[in-house]
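To start, the structure itself, in structure tokens.
The values are calculated or read from the model by the stated rules, or taken from the named source; none is laboratory data. Treat the numbers as computed from the prediction; the structure is a model and nothing was measured. We place every Cβ from the backbone using ideal geometry, glycine too, and count neighbours over all the protein chains shown.
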Amino acid sequence: MTSSEPKVITRRQAKQQISYFSVPLFFYILLNMILRECSGLLYRYYPQLFFGFDVWTATLTAGILLALIFRYLVFPGVSKRLHLNIRDYMKMPKLAGIQWLSIICLGIGITLIAVSFSSLFYFMSSSTSTYDFLGSFNGKTNIINNILYFILFVCIRPHCDEYIFRGTIQRQLGHYGRYFGVLGSAVLYALAQPDMMRAVSGFFVGWYLALATLKYHSIRPGFRINFALSLFLWILNVIPGNLFFIPLIMIVFVYVICAFSIFSKKAKTNIVRYGATEWKLWKILLTTPGVILCIITFIINCILTVIL
């Protein structure tokens, strides 16, 4: 058998391979949930554990460390165990500036539409998931928290997510079927979100990012899209209310570029084809213990957003 011929594996071997990334993914989701939901309770009853730091300062700092650990220690080890050459998946495709602008604006446009759709699930969450300090630069603590928020959610998380979900998970699932890897990684990306609202939008965003990764055989476009998207949403959050026209202009600009890209066919992506919905692959994925734990943790996340 040559190296170019497909390798046949058993269901048990496939589940074992999926467990290599799904168990660390479970702990990644679980630890983020604990940070998000339990920090406030700990601060209320045991403030001495925070050594005088603001609860958000401590939580965001811990979130940064957690993301870096999983990005640079845990999942590189997972990739090595699965014999995935992620370095080969980090090449920068040669695209013109208008092409970069097109695929980035398409990603932002899809997100805005998905967020609008996912707002239908707003009643399932008692929390608006906003940070009371975001956009407020009055006082040293608020300034520090805004900086930490920017570092975590704009700089680190996009890079971390692309490495985990597109670089490792999509590539491994793609061994069972390229388009199954696209859809499977999008589902797991949705399960990593903290509530139903963001899970719905996360699924569509994850799908688009996976398609871009598949098209260019690199996670670099996905990182650029994810970074630009996070920066775009951060700007919308910090702009003062009296400057409401700026977000309106930004959104109109994004949709104009999206329309131009679609009609000029400058940003084509592959559609999901046969194999993405093959039941036997989904049965293997969804019955793997690590993935079951991710599903349970996601359900707990959704419940906590309702009762807390």
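Of note:
- Inter-residue pairs, beta-carbon under 7 Å, first free of Cβ contacts under 8 Å to residues at least 12 places away in the same chain and within 13 Å of Pro240 (Cβ to Cβ) and in the range 134-148, second among the polar types (S, T, N, Q) and surrounded by 15 or more Cβ atoms within 10 Å (Cβ to Cβ), 6+ apart: Ser136/Asn142; Phe137/Asn146
- Any chance Pro76 is surrounded by fewer than 19 Cβ atoms within 10 Å (Cβ to Cβ) and within 25 Å of Gly184 (Cβ to Cβ): yes
- The range 176-186, residues that are touching a residue at least 60 places away in the same chain (Cβ under 8 Å) and either in a helix (DSSP H, G or I) or buried (at least 22 other Cβ atoms within 10 Å of the Cβ) (or both): Arg178, Tyr179, Phe180, Val182, Leu183, Gly184
- Residue tally, condition among the aliphatic types (A, V, I, L, M) and part of a loop (DSSP other than H, G, I, E, B), over the range 220-262: 1
- Subset of the range 20-62 [outside any helix (DSSP H, G or I) and out of contact with any helix residue (DSSP H, G or I) (no Cβ under 7 Å at 6 or more places or on another chain)]: Tyr46, Phe51, Gly52, Phe53
- For the range 105-138, residues that are part of a loop (DSSP other than H, G, I, E, B), surrounded by 17 or more Cβ atoms within 10 Å (Cβ to Cβ) and either at pLDDT below 80 or of a type in the set (S, T, N, Q) (or both) total 1.
- Only one entry in Arg166, Arg171 is crowded, with 22+ Cβ neighbours inside 10 Å, more than 10 Å from the chain's Cα centre (by Cα) and modelled with pLDDT of 90 or more, namely Arg171.
- Per the listing Ala67, Ala58, the residue uniquely farther than 20 Å from Thr168 by Cα and surrounded by 11 or more Cβ atoms within 10 Å (Cβ to Cβ) is Ala58.
- Count of the range 269-285 residues, restricted to those that are at pLDDT 90 or above and surrounded by 13 or more Cβ atoms within 10 Å (Cβ to Cβ), is 4.
- Identity of the residue in the range 217-268, of a type in the set (Val, Ile, Thr), within 29 Å of Ser136 (Cβ to Cβ) and touching a residue at least 60 places away in the same chain (Cβ under 8 Å), that ends up surrounded by the most Cβ atoms within 10 Å (Cβ to Cβ): Ile225
- Here Trp56 meets each of (1) without any contact (Cβ under 8 Å) to a residue 12 or more places away in the chain; (2) farther than 24 Å from Phe21 by Cα; (3) not basic (Lys, Arg) with one exception, condition (1).
- For the range 189-221, the tally of residues that are over 27 Å from Ser119 (Cα atoms) and of a type in the set (A, V, I, L, M) stands at 2.
- Within the range 85-118, the set of residues being more than 24 Å from Phe263 (Cβ to Cβ) and more than 17 Å from the chain's Cα centre (by Cα) comprises Asn85, Ile86, Arg87, Asp88, Tyr89, Met90, Lys91, Met92.
- Unique residue being more than 24 Å from Leu73 (Cα to Cα) and touching a helix residue (DSSP H, G or I) at 6+ places or on another chain (Cβ under 7 Å) when the list is Tyr176, Tyr189: Tyr176
- Total residues in the range 283-300 satisfying the condition of being outside any loop (DSSP other than H, G, I, E, B) and farther than 15 Å from Tyr28 by Cβ: the figure is 7.
- Which numbered condition His83 misses (of (1) of a type outside the set (A, V, I, L, M); (2) surrounded by fewer than 17 Cβ atoms within 10 Å (Cβ to Cβ); (3) in a helix (DSSP H, G or I); (4) at pLDDT 90 or above): (3)
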